[in-house]
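Each remark here refers to the structure printed beneath this line.
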Amino acid sequence: MPYKETDPQTSGNFRAGRLTPRRTGLLGRRIAVATAALFATAAVVVAVRPALAADNPYQRGPNPTAASVAASRGTFATTQVNVPAGNGFGGGVIYYPTDTSQGRFGAVAIVPGYTATWAAEGAWMGPWLASFGFVVIGIDTNSRNDWDTARGQQLLAALDYLTQRSSVRDRVDASRAAVMGHSMGGGGAMYAALQRPSLKAAVGLAPFSPSQSLNNMRVPTMLLAGQNDGTTTPASILNHYNAIPAASEKAYLELAGADHGFPTSNNPTMMRNVIPWLKIFTDSDTRYTQFLCPLSNWSGIRAYQSSCPLVPSPVPTTSPTASPPSGQRYEAEDAPAVCQGTIDSNHAGFSGSGFCNGTGAVGAYAQFTVNTSAAGTAALGVRFANGASGARSANLVVNGTTVATVSFESTGAWSTWVTKNLTASLNAGSNTIRLSPTVADGLPNIDYLTVGAA
């Protein structure tokens, strides 16, 4: 790291091992809150009351407890898929919940520090965060020497890829995205939040942010410092915190005894505070406010201040992003599905226990038997991966009749899965849906078929 704070300026007042909030900027906010509480109590209660599943379509997972937020895994099973370089960033890994019954999930993009790689520094965070109900993309940078501005640009490119072109884009709510980074990557997260104020949350882990001031920050921002960090000192990070306008939600945490590398390996103290921040602002889930307003667990924390009450954006009364495609999923590896080939599991990112790797021959098909309650047009979703350089075509055969020829384009890698959306007329009751290749290379790898209302 090419930076060392040499003239730290103390900010705030330490008392009983805790940093009390500065009055400057925050005093007016708290007076306003107190006044509102006296004259409009009902309105304030509505604004900050815990969200219920019935009125918050973004809420994911059971009611949190002190034990659950401190656990190294949430309640969601997860899987992951690798992302190649070439989408505006240096590649990475996507981690996501396998559950498709609860709608789309919020997104979190994370970038490591100067000269670091995602695998060496941040990969431990991916499944941890995903298990709490987020789709996470951890990235490498185009150059390991990229500074904060370049890292921020690549975070935004990664979010655009995740929500628009990735194999899991139908699992992500693009309107609910957050950024996070360590050191130079933390500065990148700050840059990304300043450039895209529609982001729901930002987290800087010992952030080094030489290229911008945070005095125009509108995104809810949590900054974490290590007590013994001589690279980005607590004083330097407090300066960033104090620069954030009083009207913006913000928090500062100083980890006791921690140095600059505190985010580079399993850190329960960090995660039990970052997860509530992301939940509150990415999912508008005020069930998690109890852990930060006031701070509920001071173990491992030397100092804390925030803009409590932490009030997220309002949520719609109904979800605009129900999980598509709706309806029943039919796994290619489960009977009565038929795979003329082998059931394999050697390429990451598939659903269930495997996928159909069809024999390389014309007519070597994958077939599904599906049931519908009424005749009509159905929406079909074929999830596939095609790591070959060219497209592979197949006939869509429904109940013995070819109804379309489908081109399965290259996805760039066998571990990159996408969904081909189709429609077909189905009978009431049992139907067979067959994908029969028309080329000698056979089918792409087939993960599953979904069938729902068109």
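Listing for the model above:
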{"item": "Amide proton proximity set for Asn395, modelled H, under 5 Å, gap of 5+", "result": "Val406, Ser436, Thr438"}
{"item": "Listed peptides 366-374, 152-160 by packing density, highest first (mean Cβ within 10 Å)", "result": "152-160, 366-374"}
{"item": "Charge dipole (the stretch 13-306, unit charges on Cβ, about Cα centre) - positive-most of Thr264, Ser68, Val108", "result": "Ser68"}
{"item": "Size of electric dipole in the chain: Cβ of Lys, Arg +1 and of Asp, Glu -1, about Cα centre, debye, nearest 20", "result": "1200 debye"}
{"item": "Mean separation of Cα contacts under 8 Å (6+ apart) over length of the chain, as relative contact order %", "result": "14 percent"}
{"item": "Projected label distance in nm at Ala440 and Asn228, using a 7 Å step from Cα toward the beta-carbon", "result": "6.6 nm"}
{"item": "C-alpha long axis of helix 234-243 to longest principal axis of the chain, angle in °", "result": "80 degrees"}
{"item": "Mean Cβ count within 10 Å, highest first, over the residues of peptides 296-302, 410-416, 130-136", "result": "130-136, 410-416, 296-302"}
{"item": "Taking the stretch 301-454 and dividing mean pair separation by its residue count, relative contact order in percent (alpha carbons under 8 Å, at least six apart)", "result": "33 percent"}
{"item": "Extent along principal axes [Cα atoms of the stretch 328-453; Å; largest to smallest]", "result": "39, 27, 21"}
{"item": "Square roots of 5 times each gyration tensor eigenvalue, C-alpha, the chain, largest first, Å", "result": "45, 25, 16"}
{"item": "FRET efficiency, Asn63 to Thr359 (Cβ-Cβ, R0 56 Å, nearest 0.05)", "result": "0.70"}
{"item": "R0 of 25 Å, Cβ-Cβ distance Ala77-Thr369: FRET efficiency to nearest 0.05", "result": "0.45"}
{"item": "Protection proxy ranking of 261-274, 71-84 - average other beta-carbon atoms within 10 Å, highest first", "result": "261-274, 71-84"}
{"item": "Dipole magnitude of the stretch 328-453 about its Cα centre (Cβ charges: Lys, Arg +1; Asp, Glu -1), debye to nearest 20", "result": "240 debye"}
{"item": "Gain upon complete extension [Asn215, Ala85; 0.36 nm per residue less C-alpha separation]", "result": "43.4 nm"}
{"item": "Considering only the chain, percent of DSSP beta bridges that pair antiparallel, nearest 5", "result": "70 percent"}
{"item": "For the stretch 328-453, with +1 on Lys and Arg beta carbons and -1 on Asp and Glu, the positive-most of Thr416, Pro437, Thr401 along the dipole", "result": "Thr401"}
{"item": "Length added when fully stretched, Arg165-Ala235, from 0.36 nm per residue minus Cα-Cα", "result": "21.1 nm"}
{"item": "Residue-by-residue Karplus 3J(HN,Hα) for the stretch 169-185, coefficients 6.51, -1.76, 1.60, Hz, glycine and proline x", "result": "4, 7, 9, 10, 8, 5, 7, 10, 10, 9, 10, 8, x, 10, 6, 4, x"}
{"item": "Charge context of Asp173, other residues only, Cβ under 11 angstrom, K/R +1, D/E -1", "result": "+4"}
{"item": "Spin-label pair Asp259/Arg144, simplified geometry with 7 Å Cα→Cβ offset, distance in nm", "result": "1.9 nm"}
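Computed from the coordinates by the stated procedures, all read-outs in this text should not be read as laboratory data. Computed from a predicted structure; not experimentally measured. No Cβ is skipped: glycine too gets one built from the backbone with ideal geometry, and neighbour counts run over all protein chains shown.
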